[in-house]
1. If you scan segment 57-111, which residues turn out to be over 11 Å from the mean Cα position of the chain (by Cα), under 15 Å from CYS173 (Cβ atoms), at pLDDT below 95 and open to solvent by less than 30 Å² (accessible area, probe 1.4 Å)?
2. Would you please list the contacts, defined by Cβ atoms under 7 Å and residues six or more apart or on different chains, that run from a residue in segment 213-237 that is closer than 14 Å to MET178 by Cα to a residue that is aromatic (Phe, Trp, Tyr)?
3. Working carefully through the options LEU2, LEU15, LEU43, find the one that is modelled with pLDDT of 85 or more and not hydroxyl-bearing (Ser, Thr, Tyr).
4. Hey, can you tell me all the residues within segment 35-56 that are open to solvent by less than 80 Å² (accessible area, probe 1.4 Å) and farther than 25 Å from GLY185 by Cα?
Amino acid sequence: MLAKERKKLIWETILQEKSILSKDLCRKFNVTNETVRKDLIELENEGRIIRAYGGAYIIDGVQNEVHANLRETVYTEEKAAIGRICRSMVCAGDTIFLDESTTCCAIAKELKTIGAITVFTNSYKIIHILEDCENVKLILTGGEFDRKNQCFVGAEVADFLKSYYVDKCFISCRGVDMNIGITDGNEKNGRVRKCIIRQAAEKILVIDKTKLNLKKFYKISGFEMIDKVVIDGFYSDEQRDMWEQFFNQTHTKLIVAK
């Protein structure tokens with residue numbers, strides 16, 4: 001296969017899947033990782049994709065899911081800062097929920113030294129982060145395993161969560177918009193988040209600034225359901241002023257991680 005034809009097929013694959021792992025491209029086209037890397041660099045230079053460690057993704061489309069293995073390699077310092085802020089919100093004895101987002105994975109890493117807590121989660125990755133922490137009682141929701149998001153989803157998860165209440169839930173999303181609210185890239189993951197919001201005494205949305213002003217496929221809730229938003233920052237002072245004014249009107253506390 002000619003390089004030009006292979007690059008075209010790689011682009012079509014990413015356009016359809018929204019994200020792809022390099023190892024899967026190597027297998028699909030029977031080429032080396034170095035060959036795939038060069039093709040992805042060219043596509044990135046053309047402004048068509050965003051490369052991450054181990055693959056690439058695009059942000060276009062309302063139904064857009066980026067593989068968890070790629071998401072955990074981007075904005076790591078920003079997510080760590082959000083994790084530290086959220087750690088200060090958790091007290092010994094709390095029962096909390098962490099969703100499958102890589103931002104909540106960053107929160108989980110900060111909980112290893114806290115006092116005894118109970119953590120509900122549908123995240124495969126969070127289970128492994130906290131599996132050796134004797135101070136943390138772990139409860140996995142079960143359900144259908146979503147390999148792309150490394151989590152458990154489906155009606156079984158929502159049914160399970162409806163039987164429990166938590167002190168705090170930490171959730172992320174794929175997009176936030178002042179008019180639309182909080183949205184997700186697919187219905188299965190969005191339903192889990194929608195359900196736990198109803199079951200939590202305190203609802204905390206954790207996002208990085210790339211989620212701002214995006215509308216995705218499934219609406220989780222409006223901002224009136226959210227008590228706090230923790231974000232890494234803004235692209236400009238003007239954008240910050242606009243969102244601060246908006247959250248003041250919705251009575252949602254905005255916290256900027258530094």
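1. Selection gives ASN64 alone.
2. VAL229/PHE247
3. One residue alone meets the criteria, LEU43.
4. Hits for segment 35-56 are THR35, VAL36, ASP39, ILE41.
The values are calculated or read from the model by the stated rules, or taken from the named source; none is laboratory data. Predicted model only: the values in this text are computed from it and were never measured. Cβ coordinates were reconstructed from backbone atoms using ideal geometry, including for glycine residues, and neighbour counts include every protein chain displayed. Note: areas computed on protein heavy atoms with side chains; ligands, DNA, RNA excluded. Shrake-Rupley method; radii C 1.70, N 1.55, O 1.52, S 1.80 Å.
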